[in-house]
Structures are given as structure tokens and as C-alpha cells.
Amino acid sequence: MKIAGLQKMTLLDFPGKVACTVFLDGCNFRCPFCHNTPLLDGKAEAFMTEEELFAFLQKRKGILDGVCVTGGEPTLQKDLTEFLGKIKAMGYAVKLDTNGTNPDMLESLINDGLVDYVAMDIKSSRPRYAALCGVPEFDTALVERSVEILLAGKVKYEFRTTVVRELHTADDFVAIGEWIKGARAYFLQPFKDSGDIIEDGFSSYSEAEISDLLDVVKMYIPNAQIRG
């Protein structure tokens, strides 16, 4: 497993857990507003070996409760199942971040009890998905299946959308709300420019405007929230 980064402790990434966050290299999307561009092409330098990571986790037993696995897109990694199995065997809860393009692996990980929490990005309404994920003529069928898997409720989950003024409209959030209606958790995340995004020229809505978008979403997902 190529580990491209490690955040040694987070109180925010894994709801209810004190966790660390492991970054894996490589992604099949090219979202123009992506803030993790060094992890897109699979060519990032390894931050640490798998052995070094597990040695770190061994030392942090009793301090950390969970491990967040993010990217990039973790489900591109062929040995992800084995990797998560090793983490679970150490007694840690596992949170997986995903863009939802590998529903077969997602379903397998859930059925095998290898994930305790899944956070899935919803880039935009389905007609706008190709533009937002940076893949021309992208077919949302795989993403739609992942949504269905999570809505079935076999694992705790959240959906989330990074909201970009130049890329999202209120109509997009009406469509998203209709799509994931009744979801257990949905977060609107205001865009923040990390200084290392794919394209320039993006900005966030104001707090008041984001609040108005939240009101739109709440018609379909009453417990939706703003994060960040």
C-alpha cells in the first residue's frame, strides 16, 4: 500500500472518534476545485511504509479510536481490503472516504465488516456530474449504485458536497436532495482555496447564501448541516 500522508490525530474527520487520517495516492476524478492535487496521478512520493504505519498504530493504542482512510480515491487500491483488515485486527474503527465509483468494493467492505463509517462525496446533481468531477461524459451509474448501497443503512454513513459558487446553483441542491432524500447525514462544505487546486477562479458562497442552500436541502434531508 502506497501511503502518501498521515495526519497523526484528528477530532473532526471521524464522528465520535479520536482518529488519525491516512492518505492514499491516486484518483480517477479531476475535480477542478480539488484541494489534494498532489494525490491525483498516483505519483506522489511515499510518506511512510505500511510497516511504519502499523508500528505507529501499535504505539497509539489507547489514544486513538479510529483510522480514517482517504485519498485520492482509496478504492482504486487493489489491496485495500487486506489493508483495512489489518487495521481492524488491531482493534481500530475504520472510516472510508470515497467518491463512490467502486460500488462493488464498497459493498464488499461493508458486508465483510471492514468499515464502520463511510463518507461519500456527492459532486453535484447528476446532469452536472461530468463537469464537476472533471471526467467528460461521466456516467453516474456507479455513483448512483453506491448511493443506494449506503441508503440501505448497513453501515453508518454521510454524504457531503463541497459547495463552489461558480459551479453550484440552488437547482443543483434541489436535485441532490431529491436524489438522496432521507439520508441519515448530509453536509454542505463551503469551498476553501488551499492554494493548490487544479483550476483558479473559484470562490465560496457567503454564510447567508450557504444557509439558504441548506434550507433547500432540508426539505429532503431534515438533519442536513453545514460543516466548516
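Spin-label pair residue 35-residue 211: with each label point 7 Å from Cα along the Cα-Cβ axis, the two points sit 2.2 nm from one another. Rounded to the nearest whole angstrom, the semi-axes of the ellipsoid equivalent to the range 1-105, taken from the Cα gyration tensor as √(5λ), stand at 22, 14, 14, largest first. Rounded to the nearest 20, the size of the Cβ-charge dipole of the chain about its Cα centre is 820 debye, with Lys and Arg at +1 and Asp and Glu at -1. At the listed q of 0.12, 0.16, 0.17 Å⁻¹, the Debye profile of the chain, built from one uniform point per Cα, gives log10 I(q)/I(0) equal to -0.65, -1.18, -1.32.
What is the range 1-118's relative contact order, in percent, from Cα pairs under 8 angstrom and six or more apart in sequence? That works out to 27 percent. In plain terms, the C-alpha convex hull of the range 24-85 casts an average shadow of 5.0 nm² when viewed from every direction. Computed from the C-beta positions of residue 144 and residue 55 and an R0 of 45 Å, the FRET efficiency is 0.65 to the nearest 0.05.
Cross-link reach is defined here as a Cα-Cα straight distance under 30 Å, omitting same-chain residues fewer than 8 places apart; for residue 59 the lysines meeting it are 2, 8, 17, 43, 78, 86, 88, 95, 156.
Among residues other than residue 56 with Cβ under 14 Å from its Cβ, the summed charge is +2 (Lys and Arg +1, Asp and Glu -1). Rounded to the nearest 5, what is the percent of antiparallel bridges among the DSSP beta bridges in the chain? Given both bridge residues lie in the chain, the antiparallel proportion sits at roughly 20 percent.
Net charge of the neighbourhood of residue 43, taken over other residues with C-beta under 13 Å away and scored Lys/Arg +1, Asp/Glu -1, is -2. Over all directions, the average projected area of the alpha-carbon convex hull for the range 112-196 comes to how many nm²? Mean orientational projected area (the range 112-196, Cα hull): 6.6 nm². Think of it as helices only: each DSSP H run of n ≥ 4 in the chain is worth -39500 (n - 2.57), and spread over all residues that comes to -8500 deg cm²/dmol at 222 nm.
Cysteine residues of the chain whose Cβ has no partner cysteine Cβ closer than 4.7 Å: 20, 27, 68, 133.
Mean sequence separation of contacting Cα pairs (under 8 Å, at least six apart), scaled by the length of the chain, corresponds to a relative contact order of 18 percent.
Quick note: the coordinates plus some simple rules give every number you see, no bench work behind them. For clarity, every value in this text was computed on a predicted model and none was experimentally measured. Quick reminder, even Gly has a Cβ in these numbers, built from the backbone with ideal geometry, and neighbours come from all protein chains shown.
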